[in-house]
Amino acid sequence: MNSDAKRLDDPAAITRGDPHDARQALADFPRQCRAAAGLRPEPAPRAERPPLVVAAGMGGSAAGGDVLAACGAERLPVPIVVHRGYGLPPAASGRALVIASSYSGGTAEVLSAVDTAVERGLAVVAITSGGALRERAARHGIPTALLPGGLMPRMALGYLLFPAVAALRAVGLDVAGEPEVAEAVSIVEELAPALVPERPAGDNEAKRLALAIGDRLPAIYGGPTTGAVAYRWKTDIEENAKAFALSGVLPEMNHNTIEAWRAPRASEMHLVVLREHDEPPPIARRFAVMRELVGDAAGGVSECWARGRGRLARLLSLAYLGQWTSYYLALLRGVDPWTVPLLDELKRRVGIEAASDGVLD
Ligand code: PA5
């Protein structure tokens with residue numbers, strides 16, 4: 001066993017590398033999902049089925065919207081648009097429903113989306129642990145799923161996702177039925193013991209992935225549905241491991257990015273593909289041919305397979321694997337997986353400027 005693998009199996013080294021105990025938040029993720037599956041926005045959202053759903057959020061709080069949209073795309077008669085930014089798109093009008101997610105409740109872009117929704121008279125659901133979003137929601141009588149605080153937003157995916165599923169069900173949009181929600185929770189419960197720090201590297205998929213990636217630049221690609229999670233892996237690696245990562249989706253990347261996978265630069269990259277066992281044959285074929293074409297040039301290749309039958313379970317199982325992989329990458333790179341000092345400083349400075357411009361309350 002090499003020294004990196006030993007480090008990931010050494011409880012003292014893990015405690016030193018993770019002074020804020022992010023591992024506990026990740027190990028608790030199945031409990032979070034079970035609790036979140038019982039959360040409902042209060043009061044219940046209005047019952048009319050909307051023609052459009054806009055999931056407004058930033059960073060970790062947008063990830064629930066991505067999973068929602070990926071699940072919804074397959075079965076809903078209406079689109080779910082994930083909106084990352086200020087205000088709302090013009091299409092958000094009339095009977096559209098806005099799901100405003102901000103774990104902290106203080107994110108300027110999401111507050112601005114809520115203000116726009118209120119101005120336009122749109123139905124809104126808020127998902128938050130407090131802050132200005134909770135206050136805004138109370139002021140305007142917006143149905144709110146109130147989440148427990150104390151986590152980093154990106155580690156609160158269960159809390160951000162499941163109440164949104166319930167909110168959509170309440171307005172007649174069944175992104176995932178009760179059995180699929182139950183399956184998704186069971187799958188992460190089963191997966192957790194296989195990924196926690198106590199499970200040795202030789203038998204821990206997340207540790208093995210982090211070791212395989214090592215110092216290389218990870219490039220994560222998913223298929224038409226798992227692509228939403230590929231992006232989540234990228235952002236988890238950026239925030240937890242403070243490292244660059246790329247992500248993309250097949251088949252689109254076959255039409256552009258594939259040309260960049262050439263020696264010698266490709267040897268500095270690690271290709272990670274997020275797969276499903278029953279992919280449509282054209283997608284399975286594309287993954288296989290892509291590997292034939294670029295696998296030798298890449299510094300390494302890893303395939304990760306979704307668990308479960310339902311879409312929700314599959315996406316959540318891959319997202320959970322990505323969370324742990326980014327966690328172990330953080331330990332290998334000697335950075336604290338919890339803190340995000342640049343992100344915090346940027347929010348602080350932009351907040352000060354916005355307040356002095358009279359943009360914020
Ligand atoms: O995970 C993180 O810490 C960030 O990506 C945040 O989610 C992002 O900055 C938005 O903050 P919030 O989720 O509190 O709205």
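The values are calculated or read from the model by the stated rules, or taken from the named source; none is laboratory data. All values derive from a computational prediction rather than experimental measurement. So basically every Cβ, Gly included, is an ideal-geometry build from the backbone, and we count neighbours across all protein chains shown. Please note that ligands, DNA and RNA were not included when accessible areas were found on the heavy atoms of the full protein model with its side chains. Shrake-Rupley method; radii C 1.70, N 1.55, O 1.52, S 1.80 Å.
Given the criteria away from the ligand (no atom under 16 Å from the Cβ) and among the charged types (D, E, K, R), does E190 qualify? Lay out the reasoning, then the answer.
Working: away from the ligand (no atom under 16 Å from the Cβ): yes; among the charged types (D, E, K, R): yes.
Criteria met by E190.
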**Request:** Check V125 against each of (1) more than 17 Å from the chain's Cα centre (by Cα); (2) farther than 15 Å from L160 by Cα; (3) more than 10 Å from the ligand (Cβ to nearest atom) and name the one condition it does not meet.
**Result:** (2)
**Request:** Scan segment 134-162 and report the pairs whose first residue is more than 10 Å from the ligand (Cβ to nearest atom) and whose second residue is of a type in the set (F, W, Y) and in a loop (DSSP other than H, G, I, E, B), with Cβ atoms within less than 8 Å and a gap of 6+ or a chain change.
**Result:** L147/Y103; Y159/Y103
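Sort out which residues of segment 212-230 are surrounded by 20 or more Cβ atoms within 10 Å (Cβ to Cβ) and assigned to a helix (DSSP H, G or I), and write them in order of number. Spell out how you get there, then give the answer.
From segment 212-230, those surrounded by 20 or more Cβ atoms within 10 Å (Cβ to Cβ) are 213, 218-223, 225-230; that's our starting set.
I213, G227, A228, V229, A230, listed by residue number.
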**Request:** State whether one or more residues within segment 61-72 are in contact with a Pro (Cβ under 6 Å, 6 or more places away or on another chain) and either within 16 Å of the ligand (Cβ to nearest atom) or at pLDDT below 95 (or both).
**Result:** yes
**Request:** Could you list, in sequence order, all residues of segment 308-361 that are at pLDDT below 95, among the aliphatic types (A, V, I, L, M) and within 16 Å of the ligand (Cβ to nearest atom)?
**Result:** V350, A354, L360
**Asked** Is it the case that some residue within segment 165-174 is buried (at least 17 other Cβ atoms within 10 Å of the Cβ) and touching a Ser or Thr at 6+ places or on another chain (Cβ under 9 Å)?
**Response** no
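Hey, can you tell me all the residues within segment 276-330 that are among the basic types (K, R) and in a helix (DSSP H, G or I)?
So in segment 276-330, the residues among the basic types (K, R) come out as 285-286, 291, 307, 309, 311, 314.
Of everything in segment 276-330, those that are among the basic types (K, R) and in a helix (DSSP H, G or I) turn out to be R285, R286, R291, R311, R314.
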**Positions within segment 242-267 being open to solvent by 30 Å² or more (accessible area, probe 1.4 Å) and either touching an Asp or Glu at 6+ places or on another chain (Cβ under 6 Å) or more than 17 Å from A298 (Cα to Cα) (or both), in sequence order** = K242, V249, P251, E252, H255
**Item:** Subset of segment 288-306 (residues that are of a type outside the set (G, A, S) and under 18 Å from S317 (Cβ atoms))
**Value:** E303, C304, W305
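I'd like to know if segment 150-162 contains one or more residues that are more than 21 Å from F29 (Cα to Cα) and either outside any helix (DSSP H, G or I) or open to solvent by less than 50 Å² (accessible area, probe 1.4 Å) (or both). Steps first, please.
Taking segment 150-162 first, the residues more than 21 Å from F29 (Cα to Cα) are none.
Scanning segment 150-162, I find no residue that is more than 21 Å from F29 (Cα to Cα) and either outside any helix (DSSP H, G or I) or open to solvent by less than 50 Å² (accessible area, probe 1.4 Å) (or both), so the answer is no.
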**Prompt:** Given G334, G322, G299, which one is open to solvent by less than 80 Å² (accessible area, probe 1.4 Å), farther than 23 Å from P200 by Cα and either among the small types (G, A, S) or over 24 Å from the mean Cα position of the chain (by Cα) (or both)?
**Reply:** G299
**Item:** Matching residues in segment 163-207 - criterion: being within 24 Å of W338 (Cβ to Cβ) and not in a helix (DSSP H, G or I)
**Value:** V196, P197, E198, R199, P200, N204
